[in-house]
Amino acid sequence: AAGQAGREDGDFESIPVPISSPETWMHGMMVHSFGSHHEDAYGTKPYVARQDTADSLVEFAVARDRGMACVYGRQGVGKSFLLAAVATSLIQEADPSMIIVPLFVGASAGSRDTRLLVRAMCEFVSSALPGGGGAQGMRAATAMQDAQANLTESRPVHTSEKVNEKPKRRVPHSLDDLKAAVPALIAEAKKHRKKVVIVIDGIPELHDYYSPTVLEWLPPLLKDAVTICSLETYQEVELLSLQARIDKIHEIANFEPDQRTEFLTYLVTKHDTAVGTELALQKGDMREKANAEFKRLQEERLQRRLQRERLRGPSRKRGKKKKKKKGEE
């Protein structure tokens, strides 16, 4: 039934959007790296700061069906770690009615491109919808493109009954089409009784080559979602408020000197633990591969030796020994 939900119209295939695509994988890794409020996979003890603010933002995301919350503060005050803690807490809620979209601008060079950021947003939402893709949302996104430009190479898909040779549509690439996809995908998520929660960190770091600026056109696209974002200055908050109602605003102040020391110590410890663990895992993996390769070579050598003996028959040395024994008798 879930597979059919993404194919409401018979002529439209759901879009296969793997969550491990480069755009989405990278943002997921940033949540893991920045999530200081929760113990990570390496067992690093969490560093909890601004817990009241984090709890307030989580409660906002859980309680609201739509709306926008914003945190602002200069670079280096810990906005990314705060939003990563919020995203991690929301993911750990494991609420099937929420689609969590964590986006961290600056996670890589590509993440600073506005078009790639919006594309990642589309992929997160599309992949979380029943059937692995949002049919209606993607149709709206591709409506403005030429039909031929949207068709990927036709590849037969084997099923239990027949071979389906219908070409599949892909997530669009142009910014205009991606802009159309975002509200359409959010609307489709609501049809499936799912709420989209978008956490965007570092909007000012976007390479905004487009006009109007992202602070002008992005908020209206997200009016039916719950959005939590970070900015640097109050002037940016005011610009954002011209395009969308901001329901909650938090100013993030600098750490106190002792807090800053504790926080930096935590970061160094987390980095060292992660690097040390990864190196140990890699060494262990390399050792296992080397041992497996050594055993394979030994087995091949033994098989070749046995094959040669079978082809040659009894060896000459054995024959001489037998003749000697006969002479002694």
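Pairs under 7 Å by beta carbon, first residue closer than 11 Å to Pro204 by Cβ in region 230-241, partner polar (S, T, N, Q) and loosely packed, with under 15 Cβ neighbours inside 10 Å, six or more apart or different chains?
Partner pairs satisfying both residue conditions: Glu232/Gln75.
Pairs, please: C-beta under 6 Å, at least 6 apart or cross-chain, first residue crowded, with 24+ Cβ neighbours inside 10 Å and outside any helix (DSSP H, G or I) and in region 117-138, second at pLDDT below 70 and among the aliphatic types (A, V, I, L, M)?
Gly133/Ile15; Gly133/Val17
Identify, from the list Lys321, Lys317, Lys270, the residue that is part of a helix (DSSP H, G or I), loosely packed, with under 10 Cβ neighbours inside 10 Å, modelled with pLDDT under 80 and of a type in the set (D, E, K, R).
On the way: Lys321 fails: loosely packed, with under 10 Cβ neighbours inside 10 Å; Lys270 fails: loosely packed, with under 10 Cβ neighbours inside 10 Å.
Of Lys321, Lys317, Lys270, the one residue that is part of a helix (DSSP H, G or I), loosely packed, with under 10 Cβ neighbours inside 10 Å, modelled with pLDDT under 80 and of a type in the set (D, E, K, R) is Lys317.
On the basis of being farther than 20 Å from Val226 by Cα, modelled with pLDDT under 55, touching a Ser or Thr at 6+ places or on another chain (Cβ under 7 Å) and aromatic (Phe, Trp, Tyr), does Phe12 make the cut? Before the answer, list the steps.
Details: farther than 20 Å from Val226 by Cα: yes; modelled with pLDDT under 55: yes; touching a Ser or Thr at 6+ places or on another chain (Cβ under 7 Å): no; aromatic (Phe, Trp, Tyr): yes.
Answer is no for this residue.
Among the candidates Ala225, Ala189, which residue alone is under 26 Å from Arg112 (Cβ atoms), touching a residue at least 24 places away in the same chain (Cβ under 8 Å) and under 21 Å from the mean Cα position of the chain (by Cα)?
Exactly one residue qualifies, and that residue is Ala225.
The values are calculated or read from the model by the stated rules, or taken from the named source; none is laboratory data. Quick caveat: nothing in here was measured; it's all calculated off a predicted structure. Backbone-built Cβ (ideal geometry, glycine too); neighbour counts: all protein chains shown.
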